[in-house]
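Here the structure comes first, spelled out in structure tokens, and everything after it is commentary.
Here, each number is a calculation from the coordinates, and none is a lab measurement. These figures come from a predicted structure and were not determined experimentally. Here the Cβ positions follow ideal geometry from the backbone for every residue, glycine too, while neighbour counts run over all protein chains shown.
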Amino acid sequence: MVKLKDIKCFHTERTWAFPLGITSIVCLFLLATCFNMGLLPPLYKINSFFPLFNARVSSNHSIPHYAEQKVISSNLQSRTSTPRFAYLISGSKGDLNKLWRTLRALYHPWNYYVVHLDLESDPDERMELASRVERDPMFVKVGNVYMIMKANMVTYRGPTMVSNTLHACAILLKKNKDWDWFINLSASDYPLVTQDDLLSTFRNLNRGWNFVEHTSELGWKEDQRAMPLMIDPGLYENKKSDIFWVQPDRPLPTAFKLFTGSAWMVLSRSFVEYCIWGWDNLPRTLLMYYTNFVSSPEGYFQTVICNVPEFIPTVINHDMHFISWDNPPKQHPHVLNISDTKNMIKSGAAFARKFGQDSTVLDRIDSELLNRPNGSFTPGGWCKDGSSCSEVGKPTRIKPGPGAKRLRKLINKLVRSAQNGNQCR
């Protein structure tokens, strides 16, 4: 027999069971909505507190790595396809014709080129360069030559040269995603090998190698460059003037190790991306430090790459240049002439500097090393109509010459040294 109190209890349970069910449904709906809108942490974070979710979550989610940890991109792996080079060729007042000659000697339809005449050059010079680029039938057809129209002020001994280099890197990364190495040159540089020689030699290299001449032994540069503080007026004036000094001197840094070397280099795209994006902030920190550093182009990239453990194994201690210096070196190297030809060839380097305007040694390089007719492009497998190179055939058709053998011998030696761990010392 059912008692009255049992009937009352049963009735009471029914009165609160229905609201409880409705409330549970609403709560589940709100919880799902919050996950979907990102108002609650994702399941993999909740899972770190509640192991109960392990069986289901682990198969579909993984805890992400920190952004700073991803430094080396996939292009470090060796590839068999033809590599691409991205060039910056820069000049200053009076360098128009030198820059134009260097550009044509270096041109290949498979590569990319940024040209820049700094703010010290006459406006007429810059307009003439822009006009030549816009009117050249090859450049118009292929579309791989770009000019920096808003000229930068560049002072060699100040940080503005580093800024200009990074500017060109950013342009190249924005316009094209498929190049492999960045090469910075000036109008006073000239190639010692054809682009086919260069492409052929680099074709089988690991795309992560960086050719950066460097040393941590600062020597006299410690007192005369690292510790003094200077200001580069090129950062805020529209006319070039020399740097000036401020007091007091500063001590050597303790947060990072300083390196120095050549201002000319061949950089992998992965390292260039790191310098531009700077996801662990080191490139920006060092850029601010080198703002007051004498001849910062000879230290900025060296110090960045040698303070990142992931990039140290990629460094090859060479700038791919033949340069004749005094001992000890002065601010500028010797101007090369005919008597330097033998040593240039013997070096196996891809480029040389520095050359004067229309020097006879350039004519000799054109005829003996590049097989380049006067004023034309350097012939290569891409030329559809032979040595005149007025028509593009297959851009990836490569015809290496004797220069490839010289360059390959040098690079093989350098790679062996790098693989033995002789980097960033």
Checklist outcome for this item: Plugging the Cβ-Cβ distance of residue 82 and residue 217 into 1/(1 + (r/R0)^6) at R0 = 51 Å yields, to the nearest 0.05, a FRET efficiency of 0.85
Checklist outcome for this item: From the Cα centre of segment 394-425 to that of segment 351-378, the distance in Å is 22 Å
Item to check | Translational diffusion coefficient (Stokes-Einstein; Kirkwood radius from C-alpha pairs) of segment 83-419 at 37 °C, 0.692 mPa s, in µm²/s | outcome: 160 µm²/s
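Residue 245 to residue 93: FRET efficiency via 1/(1 + (r/R0)^6), r the Cβ-Cβ distance, R0 30 Å, to the nearest 0.05? If you can, show how the numbers build up before the last one.
Working: r = 25 Å, r/R0 = 0.83.
The pair residue 245/residue 93 has a calculated efficiency of 0.75.
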Item to check | Built amide H within the under 5 Å cut-off of residue 186, gap 5+ | outcome: 90
Next on the checklist: On a straight-distance basis, which aspartates and glutamates could pair with residue 384 in a cross-link, Cα separation under 16 angstrom, same-chain partners fewer than 8 positions away excluded?
Outcome noted: 196
Next on the checklist: Please give the charge dipole size of segment 83-419, origin at the Cα centre, charges +1 on K and R Cβ atoms and -1 on D and E Cβ atoms. Round to the nearest 20 debye.
Outcome noted: 1100 debye
Item to check | Amide proton proximity set for residue 229, modelled H, under 5 Å, gap of 5+ | outcome: 246, 250
Checklist outcome for this item: Output for segment 83-240 (equivalent-ellipsoid semi-axes, sqrt of 5λ from the C-alpha gyration tensor, Å, descending) is 27, 23, 13
Next on the checklist: Sequence gap at least 6, Cα distance under 8 Å: using those rules, report the relative contact order of segment 83-419 to the nearest whole percent.
Outcome noted: 22 percent
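Would you mind getting me the FRET efficiency between residue 235 and residue 324? Use the beta-carbon distance for r and R0 = 41 Å, nearest 0.05.
Numbers: r = 32 Å, r/R0 = 0.77.
It comes to 0.85.
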Item to check | Pairwise label distance in nanometres, residue 399 with residue 174, each label 7 Å out on the Cα-Cβ vector | outcome: 3.8 nm
Checklist outcome for this item: Given the candidates 238, 361, 156, the one whose Cα lies deepest towards the positive end of the charge dipole of segment 83-419, counting +1 at each Lys or Arg C-beta and -1 at each Asp or Glu C-beta, is 361
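For the pairs 177/354; 98/221; 175/346; 98/150, note any where the Cα-Cα span goes beyond 26 Å.
Details: 177/354 31 Å; 98/221 31 Å; 175/346 37 Å; 98/150 20 Å.
Pairs exceeding 26 Å: 177/354; 98/221; 175/346.
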